[in-house]
1. Just name the residue that is farthest from the other protein chains (Cβ to nearest Cβ) out of those in region A:108-119 that are of a type outside the set (A, V, I, L, M) and surrounded by 19 or more Cβ atoms within 10 Å (Cβ to Cβ).
2. State the number of residues belonging to region A:229-262 that are closer than 17 Å to residue A:358 by Cβ and either within 16 Å of the ligand (Cβ to nearest atom) or not small (Gly, Ala, Ser) (or both).
3. If you check A:76, A:32, A:5, A:16, which single one turns out to be modelled with pLDDT under 95 and in a loop (DSSP other than H, G, I, E, B)?
4. Of the conditions (1) crowded, with 16+ Cβ neighbours inside 10 Å; (2) touching a Ser or Thr at 6+ places or on another chain (Cβ under 9 Å); (3) touching a residue at least 12 places away in the same chain (Cβ under 8 Å); (4) not aromatic (Phe, Trp, Tyr), residue A:147 fails just one. Which one is it?
5. Return yes or no: is residue B:286 in contact with a Phe, Trp or Tyr (Cβ under 8 Å, 6 or more places away or on another chain) and closer than 17 Å to residue A:62 by Cβ?
6. When you scan region B:72-169 for strands (runs of 3 or more DSSP E) that lie fully inside it, which ones turn up with 3 or more residues that are at pLDDT 95 or above and closer than 21 Å to residue B:209 by Cβ?
7. Going by what's in this entry, would residue A:300 be described as at pLDDT 90 or above, more than 19 Å from residue A:217 (Cα to Cα) and more than 16 Å from the ligand (Cβ to nearest atom)?
8. Quick test for you: out of A:368, A:341, pick the one residue that is within 14 Å of another protein chain (Cβ to nearest Cβ) and either surrounded by 22 or more Cβ atoms within 10 Å (Cβ to Cβ) or not in a loop (DSSP other than H, G, I, E, B) (or both).
Amino acid sequence: NIDPESLLPKLPSPDELRPFPTTCATLFRGHEGKVRSVSVDATGTLLASGGDDGTVRIWDILTGRNVWTKKLSSEEAVDVVRWRPSTDTCILSAAAGETIFFIIPQGVHTVNPEIEIASRAILDAGFGYEAQRAASNSEPRKEPAATWSRPLSKLVDNGIMLTITVRAPVKVISWHRRGDYFATVSPKGQSHAVAIHTLSKHLTQLPFRKLKGLPQTAQFHPSKPIFFVATQRSVRSYDLAKQELVKILKPGARWISSIDIHAGGDNVIIGSYDRRLLWHDLDLSVRPYKTLRYHDKAIRAVKYHHGGFPLFADASDDGTVQIFHGKVVDDLMENATIVPLKVLKGHAVKGALGVLDLDWHPKHPCSLSENSSVHKHYAP
Amino acid sequence: MDKTAQIRIQLESRDPDVTIKLPENTGPILVSTGLRRIALSTLVNNLLENEKPIPFEFLINGQFLRTTIDEFLTANGISSEVTLSVEYVRALIPPSHVVSFEHEDWISAVDVVSQTSSVLLQDQDGTSSPIKDPRILSASYDGLIRMWSKSSDLLAVSKPTSGQPINAACFLTTSKIVSAGSDRVVRVWKYEENGVTGGSMQVSGTFTPILDLYGHRSSVDSISVHAPSSRILSGSSDHTVGLWSTRKSEGPQPPDSLLPSALPGAAKRRKLEQSAAFQPGPQRGPLSLLKRHTGPVSGAIFSAKDSTVGYSTSWDQTLVTWDLVTGAEVSTRRLLNPLLCVTEMPDLGLLATGTSARHIAMIDPRVDVRDVTGLTLRGHAGAIVSAAAEPEKPWGLVSASHDGTCRIWDLRSVRMDGKSASGLAVGGTGQVCESVYVIRRESIANDERKVAGDGIKVFSVFWDKEVGIGSAGEDKRVQIDQMVPR
Ligand SMILES: [Mg+2]
């Protein structure tokens with residue numbers, strides 16, 4: 001007489017999986033209206049945010065102090081902020097409407113003279129390249145995919161050193177780990193929706209002109225030249241070197257909102273507006289390895305902890321962030337262990353919009369999320 | 001309950017104060033188990049033959065007696081057959097609010113100098129002058145440092161410099177101040193006062209920068225000083241500990257690439273315009289930058305007994321012991337959470353380090369690094385970012401937290417706790433201490449609770465025998481509380 005329960009693999013209890021975020025540690029107050037996007041810098045000391053008030057703000061993570069603010073647009077929300085991944089420079093990218101802004105936030109503690117000079121050099125390098133190319137190329141130019149330009153001196157004085165204007169509002173910025181390539185997604189941009197930009201050459205390319213379905217988000221593989229593009233219903237991975245399609249993931253969701261690639265590169269989490277969180281193991285199948293339905297409303301953002309903790313989280317319009325244990329083993333014979341750990345509540349739901357974005361601290365098991373005018377820092 | 005039950009108690013005291021020491025031959029005393037604290041206090045006073053009774057409290061197995069002895073024995077499963085070891089301690093006096101000093105912006109640091117404080121030690125230049133009245137120094141996110149009298153008169157404000165927050169400031173001597181901030185500079189100031197104390201004339205002071213120390217690549221978050229050897233230790237979010245001299249003649253040349261003059265034309269001009277009113281001091285570099293940590297350094301202090309030894313804590317979860325003569329790492333202790341401050345309790349030989357996980361870990365730097373202490377101080381609801389030892393008392397500690405409170409701890413009151421043994425320490429014994437008093441912010445109603453200390457985070461605390469406990473933070477106030485005997 002065998003209890004069938006005893007044959008199931010036993011999941012560890014959340015208590016054994018500490019540390020993970022449990023407690024709200026800091027509130028960041030200052031934005032007027034909704035906050036759309038958050039990003040923690042590579043040093044783990046600064047949080048950037050952008051919102052409906054058209055401002056980009058930078059905060060001291062420990063104290064919640066607002067240390068830098070700039071209004072980028074009086075008409076449009078700042079929909080996305082992302083730090084360039086490097087500790088040798090301090091460059092923040094942010095998008096409002098069709099324009100991507102590159103910011104060196106002077107007066108912020110990480111921007112010492114060496115960092116400021118190095119950051120300027122990175123942003124300026126492409127101007128020289130562009131001038132050289134224009135001089136050597138006498139052929140009539142096609143309409144460029146994007147316009148790279150030096151803003152007015154008033155903006156430059158405020159640390160906004162470079163702008164790129166594309167054809168449709170940018171909702172996603174996604175950096176390659178080396179900080180030279182970055183992708184942008186403009187879901188309404190049609191053939192211009194997904195662009196890959198090269199910072200050192202001020203160059204914009206459109207490699208995915210004929211995507212089936214409305215593009216939602218995109219991300220570089222953490223170590224290989226592979227690029228993931230999510231449309232409403234599927235996620236495609238491309239080999240950038242060979243310029244060919246590798247795989248089409250079919251999560252079974254009706255409308256994908258967000259994806260993240262595990263640091264190992266073989267696992268992907270996908271969040272959807274139809275309340276599903278899908279874990280795909282790329283070794284197993286194009287169908288999800290696990291489907292997690294824990295939210296009452298749309299999932300807006302999903303994110304792995306990329307700093308060594310086996311954690312991932314999602315943010316939902318139901319006003320909660322859910323923290324999961326997600327252990328990936330190298331052994332091909334063993335699949336990922338997924339354990340729900342904690343529901344972080346306390347975000348107000350305003351006008352059907354709950355928690356719109358989240359990020360992890362790069363080293364600690366701390367998550368940062370936001371929705372209304374306040375965003376929150378959760379500690380273990 | 002048998003009202004006539006009795007128990008043998010052995011009265012003990014660890015207090016160095018000889019006036020409360022019992023004669024050696026007291027031996028175990030037979031008392032009724034129905035006694036409470038008050039009756040025991042009368043008993044001790046009778047044994048001491050005190051004309052004016054001193055209120056005492058009693059510790060049994062590290063816990064304060066709050067009930068009858070009988071109830072205590074029952075609650076803790078102790079037999080009344082044994083001789084009970086009872087430690088008597090002077091009754092603790094609850095802190096009460098004295099005064100608050102209002103600022104324009106958040107306050108990152110407070111320090112004090114009084115007749116009873118340790119900074120009266122002169123530095124090598126002998127610039128320290130005797131102090132008549134206590135002085136309180138505050139550093140603010142508005143980028144300024146301020147000097148206050150005990151009765152909340154603002155005596156001096158520094159001139160604006162970079163405009164970036166000052167994160168740390170302390171007295172080097174009574175007439176020299178060290179500050180540091182997000183502009184990455186460690187700055188030594190001369191502080192002078194004019195005017196007549198006690199008279200009708202208002203005292204006023206001035207801050208003059210005498211040394212600008214460059215070398216940190218990111219925010220400087222903590223400062224400590226050792227005046228007799230003219231040394232400063234700084235902790236920076238660039239992951240290094242800086243060792244500096246307060247003397248211009250000792251300092252090496254500063255690294256050119258980190259000076260404001262390294263910036264190209266326009267940026268440099270803007271920086272200089274910002275601080276046109278400010279005349280900076282001569283620029284110098286570090287004696288050394290100590291590298292071992294892999295995260296922001298939250299605290300760096302000199303050992304009280306040997307100023308050639310330093311301790312530093314970091315977000316990287318480690319506490320490092322340094323040989324400051326060679327700049328070599330002596331040992332590294334790894335804990336389980338980011339460490340946000342470090343304070344020494346010299347008479348106990350322990351270091352108190354505040355964590356982001358809402359507790360204070362006590363560390364004995366003399367024992368093997370693998371034997372990380374199991375004593376934790378629990379009760380705060382937020383990150384602990386500052387602490388200060390009680391002056392002249394080995395066991396007292398005050399801590400400041402982002403939960404909007406300061407807590408006072410008595411390290412004689414310690415009990416075993418099985419739960420924390422696995423939760424915190426590696427091979428630790430799992431001892432827990434709970435706070436004896438909580439100081440809330442006077443700026444808000446006492447019963448009001450704020451999520452994550454929203455608006456009332458406390459960033460810094462001092463404890464001075466004469467002035468009391470000073471704390472400051474997000475509510476833009478320096479708050480002074482004192483333990484005044486009733
Ligand atoms: Mg696998």
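1. For region A:108-119, the residue satisfying everything is A:119.
2. Final tally of qualifying residues: 5.
3. Only one candidate qualifies: A:32.
4. All conditions are met except number (1).
5. Judged against the criteria, residue B:286 is not a match.
6. Here the list reads B:107-113, B:135-140, B:145-149, B:154-157.
7. no
8. So the residue among A:368, A:341 that is within 14 Å of another protein chain (Cβ to nearest Cβ) and either surrounded by 22 or more Cβ atoms within 10 Å (Cβ to Cβ) or not in a loop (DSSP other than H, G, I, E, B) (or both) is A:368.
The values are calculated or read from the model by the stated rules, or taken from the named source; none is laboratory data. Being a predicted model, the structure only gives us computed values, none of them experimental. With ideal geometry, Cβ positions are generated from the backbone for all residues, glycine too; neighbour counts draw on all protein chains shown.
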